[in-house]
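K.L.:
Handing you this structure, nothing more for now.
The values are calculated or read from the model by the stated rules, or taken from the named source; none is laboratory data. Only a predicted model underlies this, so the values are computations on that prediction, with no experimental measurement involved. Note that each Cβ is placed from the backbone with ideal geometry, even for glycine, and that neighbours are counted across all protein chains shown.
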Amino acid sequence: MALRPFHRETRSDRRGSGVDAPHDSDAVVPDAPSLHALPTVAPTRIVGGSQAYRRANGQIDALHGVHVYDPVFLRRDADALRAFAAPDQAGPLVVEIGFQLGRFARGYCTLHPEARYLGFEIRRKFVEVADAYLERAGCSNRRLALCDAREALPELVVAGSVQAIYTLFPDPWWKSKHRKRRLIDRDFAALAATVLAPGGVLLVKTDVLGYAAWAAGELAAVRGLEVHWLRDATAGLPPSRRERGCLERGLPTWALRARRLDGVPVEILSEINPFDAADDAALAAAAPPPGDSRWR
Ligand SMILES: C[S@@+](CC[C@H](N)C(=O)[O-])C[C@H]1O[C@@H](n2cnc3c(N)ncnc32)[C@H](O)[C@@H]1O
């Protein structure tokens, strides 16, 4: 379809069909085997709905936007994202999990037009709002996927091909009985280590010190990752929405960087997370002391 001058490309234009609704033949076969045989992380019931929940409830409404994708339910969307993320494509592949309104994405895509930014978000509204925001900002190097990154990453991304994974201010899920809902745990860390290129980094930022300490324990339980706390908690990156709020109010934040070690196989060790049984007071005093070698 020929575009009129100044016509903003729409999702329908991109597909060339003029029809945005999914077709039966386009639906992804539920429970199809993973293409890349990467470790998968069991879906949990998370806010926004896990894929299993959406599957069970048939929530496959068309998404509105330009670079928005529903890869778990639409085969063509999964194929398009796989092509975008393929290792033979130019530019470093970076992943953000939980981009929400797209504030970090905008800063990042603007500063790094050469990068391929692949964002994951489980809330439909955020995907659509962020897409419109990023379209207005001219960030054409973005692709936004509505799905649980833990389920989609093994399907869409080739092992060893991601330069950076950004998980910025993930929900802390305070109560210990909700701990299993936390994004960062050792299964996720192993998945991240598998998709990262040698030297690639998983960056975790948070404004909850106890969460940082607990997450550091989980990341350290994966062989193949080298974990540090960053003295500069901005990590030299554009701020996310939550980070901007913290900076404006003078609240502290923390950043962990897990670097993928070259040639070290990924393995989940049986390390006990020292903060698993820690009470709130212990968690609140959990950063390494100044001068500790864990700071970088
Ligand atoms: C606390 S918000 C942080 C938003 C933003 N990163 C910031 O720093 O302002 C966490 C976001 O992650 C999303 N999220 C949580 N688990 C996710 C998952 N497994 N895959 C994709 N997005 C997820 C939530 O919907 C929410 O928008």
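K.L.:
Please find, among 106, 54, 82, the residue that is within 16 Å of the ligand (Cβ to nearest atom), modelled with pLDDT of 90 or more, under 20 Å from the mean Cα position of the chain (by Cα) and among the basic types (Lys, Arg).
P.N.:
Exactly one of 106, 54, 82 is within 16 Å of the ligand (Cβ to nearest atom), modelled with pLDDT of 90 or more, under 20 Å from the mean Cα position of the chain (by Cα) and among the basic types (Lys, Arg), namely 106.
K.L.:
Keeping to region 73-115, report how many residues are of a type outside the set (D, E, K, R) and farther than 18 Å from residue 158 by Cβ.
P.N.:
So the answer is 16.
K.L.:
OK, next. Among the residues of region 263-280, which ones are exposed (fewer than 11 other Cβ atoms within 10 Å of the Cβ) and either at pLDDT 95 or above or of a type in the set (Gly, Ala, Ser) (or both)?
P.N.:
Residues satisfying the conditions are 263, 265, 270, 277.
K.L.:
Same structure again: Give the residue, chosen from 231, 179, 244, 223, that is closer than 23 Å to residue 134 by Cα, of a type in the set (D, E, K, R), surrounded by fewer than 19 Cβ atoms within 10 Å (Cβ to Cβ) and assigned by TED's automatic domain parsing to the domain that holds residue 294.
P.N.:
244 is the lone residue from the list that is closer than 23 Å to residue 134 by Cα, of a type in the set (D, E, K, R), surrounded by fewer than 19 Cβ atoms within 10 Å (Cβ to Cβ) and assigned by TED's automatic domain parsing to the domain that holds residue 294.
K.L.:
Out of the residues in region 81-102 that are out of contact with any helix residue (DSSP H, G or I) (no Cβ under 9 Å at 6 or more places or on another chain) and touching a residue at least 60 places away in the same chain (Cβ under 8 Å), which is farthest from residue 198 (Cα to Cα)?
P.N.:
Filtering first and then ranking leaves 86.
K.L.:
If I filter region 222-239 for residues that are assigned to a helix (DSSP H, G or I) and either under 25 Å from residue 101 (Cα atoms) or more than 15 Å from the ligand (Cβ to nearest atom) (or both), do I get at least one hit?
P.N.:
no
K.L.:
Can you list the helices (runs of 4 or more DSSP H) lying wholly within region 117-197 that have 1 or more residues being within 25 Å of residue 216 (Cβ to Cβ)?
P.N.:
Answer list for region 117-197: 149-156, 186-195.
K.L.:
Taking interchain pairs and intrachain pairs at least six residues apart, which have beta carbon atoms under 6 angstrom, with the first residue in region 221-248 and within 11 Å of residue 168 (Cβ to Cβ) and the second assigned to a helix (DSSP H, G or I)?
P.N.:
Pairs found: 238/104; 238/107; 238/108; 240/103; 240/104; 241/103.
K.L.:
Against the definition (crowded, with 24+ Cβ neighbours inside 10 Å and either in contact (Cβ under 8 Å) with a residue 60 or more places away in the chain or not in a helix (DSSP H, G or I) (or both)), how does residue 205 come out, yes or no?
P.N.:
For residue 205, the condition - crowded, with 24+ Cβ neighbours inside 10 Å and either in contact (Cβ under 8 Å) with a residue 60 or more places away in the chain or not in a helix (DSSP H, G or I) (or both) - is met.
K.L.:
Also, I was wondering about something else. Sort out which residues of region 184-199 are more than 15 Å from residue 85 (Cβ to Cβ) and small (Gly, Ala, Ser), and write them in order of number.
P.N.:
Within region 184-199, 189, 190, 193, 199 meet the criteria.
K.L.:
Continuing with the same structure: Pick out the one residue from 95, 129 that is within 15 Å of the chain's Cα centre (by Cα) and either within 8 Å of the ligand (Cβ to nearest atom) or assigned by TED's automatic domain parsing to the domain that holds residue 75 (or both).
P.N.:
From the options 95, 129, the qualifying one is 95.
K.L.:
Still on this structure, I have one more. From the list 179, 142, which residue is away from the ligand (no atom under 11 Å from the Cβ), of a type outside the set (S, T, N, Q) and over 29 Å from residue 273 (Cβ atoms)?
P.N.:
142 is the lone residue from the list that is away from the ligand (no atom under 11 Å from the Cβ), of a type outside the set (S, T, N, Q) and over 29 Å from residue 273 (Cβ atoms).
K.L.:
I need a count of the residues in region 153-176 that are within 11 Å of the ligand (Cβ to nearest atom) and either crowded, with 24+ Cβ neighbours inside 10 Å or among the polar types (S, T, N, Q) (or both).
P.N.:
Final tally of qualifying residues: 3.
K.L.:
Continuing with the same structure: Of the conditions (1) surrounded by fewer than 18 Cβ atoms within 10 Å (Cβ to Cβ); (2) more than 16 Å from residue 237 (Cα to Cα), residue 143 clears all except one; give me its number.
P.N.:
It fails just one condition, (1).
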